[in-house]
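Asker: Got a structure for you, written out below as structure tokens; questions coming shortly.
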Amino acid sequence: MCNPKQQSSPSAYTANLPMAVAQPGETIYTTWEANGHLNNAAPTNVKILYYADSTKEFTSVNERSTAAVAGSFNYAANANCFNPSEPNTTCVGSWVVPKNLVPGKTYHFVWFWYFNANPAGQWYSTCFDMQIKDSSHVVKTAAMADIMKLGDPPVTYSNGLDSKAKDLIAQTSKL
């Protein structure tokens, strides 16, 4: 499921695309494009998977049934997408960093979406590492409803969020 050469590798992260840093219990807002899959009638779910053992890495899609779930939310529905009338609208889901993770360690996570509307059973995943810090790291974040009021941030895949999206996200600390 995740490429072992990319996990825990210092070269996997750069100044422009740094490793995630959070504290136990912190709320994380994750964004992605709906890519035409908005479905209010039967929304599919995203799961954020992880292992409480910081040395365990994801190597097989079969591990999705043995990993712990840090969060679960709709993939794309009116309630969590900024502009539901646009096929590539940005969607957002929130989840909480598990409280049992130890500051000073790096943990491996997977954003996992099972597109069960497809008879072939397609699934999509994105692997990422997160360094856990103590409470001195915390930055105040807004509630999901306040983030949704900011509007659809433009997303570019090659460089992460563009400057306008970063400005919109920065506004959340003012809410």
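Asker: Can you pull the one-decimal nm distance between simple spin-label points at Asn62 and Tyr124, each 7 Å off the Cα toward Cβ?
Answerer: Between Asn62 and Tyr124, the label points sit 2.6 nm apart.
Asker: Give a quick list of trypsin sites (Lys or Arg not before Pro) in the stretch 1-82 that DSSP marks as loop, anything other than H, G, I, E or B, with at most 10 other Cβ atoms within 10 Å.
Answerer: Passing sites in the stretch 1-82 are Lys5.
Asker: Follow-up. Evaluate the distance, in nm, between pseudo-label points positioned 7 Å from the Cα of Ala41 and of Asp134 along their respective Cα→Cβ axes.
Answerer: Those two pseudo-labels are separated by 5.4 nm.
Asker: Same structure again: What does the charge count around Lys105 come to, taking other residues whose C-beta lies under 11 Å from its C-beta (Lys +1, Arg +1, Asp -1, Glu -1)?
Answerer: Once all neighbours under 11 Å are counted, the net charge is -1.
Asker: Now a separate question. Using a Förster distance of 22 Å, how high is the FRET efficiency between Asn88 and Leu17, based on the Cβ-Cβ distance and rounded to 0.05?
Answerer: The value I calculate is 0.55.
Asker: While we're on this one: Placing unit charges on C-beta atoms (Lys and Arg positive, Asp and Glu negative, everything else neutral), compute the dipole magnitude of the stretch 1-82 about its Cα centre in debye, rounded to 20.
Answerer: 100
Asker: Here is a follow-up. Under the Karplus relation 6.51 cos²θ - 1.76 cosθ + 1.60, θ = phi - 60°, what is the ordered set of whole-Hz ³J(HN,Hα) values for the stretch 102-114, x standing for Gly and Pro?
Answerer: 8, x, x, 10, 10, 10, 9, 10, 9, 7, 10, 10, 9
Every number here is computed from the coordinates shown, using simple stated rules; none is lab data. The structure displayed is predicted, hence computed values, not measured ones. Positions of Cβ are generated from backbone atoms using ideal geometry, with glycine treated the same way; all protein chains shown enter the neighbour counts.
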